[in-house]
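Shown next, in structure tokens, is the structure this report addresses.
The values are calculated or read from the model by the stated rules, or taken from the named source; none is laboratory data. None of these values were measured; they are calculated from a predicted model. Counting neighbours? That spans all protein chains shown, and the Cβs are built from the backbone with ideal geometry, glycine included. Quick note on the areas: whole protein, heavy atoms, side chains included, nothing else; ligands and nucleic acids left out. Shrake-Rupley method; radii C 1.70, N 1.55, O 1.52, S 1.80 Å.
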Amino acid sequence: QKEPTDINALCQELLRAAYHGFRVNDPGFQAACETSLDEAVGVVSVVPQELGRVLLNLINNACYAVKEKAGRQLPGYEPRVAVSTRRLDQEIEIRVSDNGPGIPQADLGKIFQPFFTTKPSGKGVGLGLSLSYAIVKAHDGDMRVSSREGEGTTFTMVLPG
């Protein structure tokens, strides 16, 4: 059931919840959490629990990515996860970015396929992104990924708004 939802508040709440949830499982985990929220996005008709599930998955993946890169002990590396929103004419855009290791180019075309994962065995079954993609499509939206190996990844959702 779609309902009017404050997208920026949802993004802030889920970034905070995902980060703290990640720290419960790994108290030593540290990352800068940044937001850039366009006030013009405002209230949009979505299924907040479903969109929340997508955001939580993307933010958890971003935290996992920066944690993995931080484990490499690279000099000067500071883990960063960012969520941004932007109003585009009749649509809104939500981005979740990280400065983790990035996704290999060979894997980008498979990233939304069910059961595909780049995580080691036992760390993920490969359903999060395929379910997230399906939820965004069910909202008449689209989801894209861009990534540069060694630099990070950005997932972009575009939804009617």
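Just check segment 32-161 against the gyration tensor rule for me: Cα atoms, a ≥ b ≥ c as the square roots of the eigenvalues, rounded for a/c under 1.5, and otherwise prolate or oblate depending on whether a/b exceeds b/c. Each step should come with its number before you reach the end.
On the way: a/c = 2.09, a/b = 1.38, b/c = 1.51.
Oblate.
In the elastic network of the chain, a GNM with C-alpha springs shorter than 10 Å, the most mobile of GLY71, GLY102, GLY128 is GLY71. Between SER132, SER146, SER84, the Gaussian network model of the chain with springs among Cα atoms under 10 angstrom shows the greatest mean-square fluctuation at SER146. Seen against the Cα atoms of the chain and their longest principal axis, helix 128-138 is set at about 10 degrees. Protein heavy-atom surface of the chain, 1.4 angstrom probe: 49% of the accessible area is carbon and sulfur, with nucleic acids and ligands not counted.
Counting only residues at least eight positions apart within a chain, or on another chain, the lysines with an alpha carbon under 30 Å from that of LYS137 are LYS2, LYS67, LYS110, LYS119, LYS123.
When the Cα positions of TYR19, VAL158, ALA138 are compared along the charge dipole of the chain, TYR19 comes out farthest toward the positive end, with charges on each C-beta of Lys, Arg, Asp and Glu.
Surface exposure of the chain, expressed per residue as accessible area with a 1.4 Å probe, stands at 53 Å².
Measure nothing fancy, just the Cα-based angle from helix 7-25's long axis to the longest principal axis of the chain, in degrees from 0 to 90, nearest 10. Taking Cα atoms only, the helix is inclined about 30 degrees.
When a/c is below 1.5 the answer is rounded, else prolate if a/b is larger than b/c, else oblate, so apply that to segment 1-97 with a ≥ b ≥ c taken from the square roots of the Cα gyration tensor eigenvalues. Display every interim value, and only then the final one.
Numbers: a/c = 2.93, a/b = 1.90, b/c = 1.54.
Prolate, because a/c is 1.5 or more and a/b exceeds b/c.
The mean sequence distance of close C-alpha pairs (under 8 Å, at least 6 residues apart), as a share of the length of the chain, puts its relative contact order at 23 percent.
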